[in-house]
Amino acid sequence: MRRLILCLFLVVITTSLGVAQKSDAATLVFIRHAEKVDDGSRDPDLTKKGEERASRISSILDNKYGKINAVYSTNYKRTQQTATPTALKNNVNVVDYDPRTPNVFLKSLIRKHIGEVILIVGHSNSTPTLVNFVLGEDRFEALDESVYDTIFVVESSEVGSGTVTVSSSN
């Protein structure tokens, strides 16, 4: 009988520790699309260098997190093409989002993905804006048009608070 109680106690403790270790925040990885073709159109493809960067980002995220649970992108070729290697590697679809409605998008995103790692691909102006919105402060300005390597990782359990780490995909 004591062994049974001891076994049950160990199961409860082990299960409780597993639950306690699950993060109560979403890990949101924000990036700008990779290098694009300068063809004068509103919706250009990635350059060869951009395709290589998209693959490198996928590898960086795989090495750091193992699993990316969801991938979001604006509905442009350059963002979709940047998001695709990560989506394919993690067997998830690229989900379109509208960066013009950050409050609705981010609240829903965080609520849906607590304890998960998410990639969000945007643009030089929208990516820092979304990061600022999650943090609840205007901390980052629009990226220069020549900057493609910035990775913002935000840990947040609700819009208006969180911590951010900035790194590079170079």
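Quick notes on this structure:
- Computed from Cα atoms, the angle from the helix 102-112 axis to the main principal axis of the chain rounds to 30 degrees.
- If you model the range 84-141 as an ellipsoid using its alpha carbon gyration tensor, with each semi-axis the square root of five times an eigenvalue, the axes come out at 21, 14, 11 Å, biggest first.
- Pairs beyond 18 Å (Cα-Cα), from LYS36/LYS77; LYS64/LYS89; LYS64/LYS107; LYS77/LYS107; LYS77/LYS112: LYS64/LYS107; LYS77/LYS107; LYS77/LYS112
- Against the set (1) 1.04; (2) 1.21; (3) 1.15, the structure's computed Cα Rg over 2.2 N^0.38 Å falls on (2).
- Counting only DSSP beta bridges whose two residues both lie in the chain, roughly 50 percent are antiparallel.
- Between 0 and 90°, nearest 10: helix 126-135 axis offset from the chain longest Cα axis: 30 degrees
- Helix content alone sets the calculated 222 nm mean residue ellipticity of the chain: runs of n ≥ 4 DSSP H residues at -39500 (n - 2.57) each, divided across all residues, give -13500 deg cm²/dmol.
- Loop sites in the range 79-170: trypsin sites (Lys or Arg not before Pro), DSSP, at most 13 other Cβ within 10 Å: ARG100, ARG139
Here, each number is a calculation from the coordinates, and none is a lab measurement. What you are looking at is a predicted structure, and each value in this text was computed from that prediction instead of being measured. Quick reminder, even Gly has a Cβ in these numbers, built from the backbone with ideal geometry, and neighbours come from all protein chains shown.
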